[in-house]
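Trainee: If you scroll down you'll find the structure; I have some questions about it.
The values are calculated or read from the model by the stated rules, or taken from the named source; none is laboratory data. Keep in mind the model is a prediction, meaning the values are calculated, not measured. As a convention, Cβ positions derive from the backbone with ideal geometry for all residues, glycine included, and neighbour counts pool all protein chains shown.
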Amino acid sequence: MVPASTTGCSVFTAYEYLESRFDGKTRTLAAALFLIQRGLAAGITIYAPALVLSVLLAGTCGSMCILLGGLRRRLHGVRAAAARSGTRTSSSSSSSWRTLACCAALAW
């Protein structure tokens with residue numbers, strides 16, 4: 001969040017700087033790489049414990065990924081609802097689905 005007092009100043013995000021320095025394609029590429037990196041990181045943070053739980057509980061890795069992904073989605077939903085006073089955005093929901101998709105791809 002940028003304070004209202006700095007709206008007259010020239011404050012740029014990293015993506016705005018990339019667009020002004022290079023072009024819109026560079027900004028889009030940087031944003032896409034960031035989203036891919038975050039999606040893979042979230043998938044791995046579910047896949048690693050799911051792999052351990054599948055060995056300990058003699059289950060399949062895919063079912064543990066779904067279980068942990070659902071648990072993560074539930075916990076992040078509660079945290080997001082508390083932080084936003086009950087409002088929920090589609091970006092947090094789509095992020096959870098991206099995470100589950102990456103985890104399922106790793107378990108495949």
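Trainee: Got a number for residues in the range 7-48 being aromatic (Phe, Trp, Tyr) and assigned to a loop (DSSP other than H, G, I, E, B)?
Mentor: 2
Trainee: Could you grab me the full set of residues in the range 36-63 that are without any contact (Cβ under 8 Å) to a residue 40 or more places away in the chain and among the aliphatic types (A, V, I, L, M)?
Mentor: Result: 36, 41, 48, 51, 52, 53, 55, 56, 57, 58.
Trainee: Would you pick out the residues in the range 33-74 that are among the basic types (Lys, Arg) and closer than 30 Å to residue 14 by Cα?
Mentor: Correct list: 38, 72, 73.
Trainee: Name, by its number, the condition in (1) surrounded by 10 or more Cβ atoms within 10 Å (Cβ to Cβ); (2) at pLDDT below 85; (3) out of contact with any Leu (no Cβ under 8 Å at 6 or more places or on another chain) that does not hold for residue 23.
Mentor: Of the numbered conditions (1) surrounded by 10 or more Cβ atoms within 10 Å (Cβ to Cβ); (2) at pLDDT below 85; (3) out of contact with any Leu (no Cβ under 8 Å at 6 or more places or on another chain), the odd one out for residue 23 is (2).
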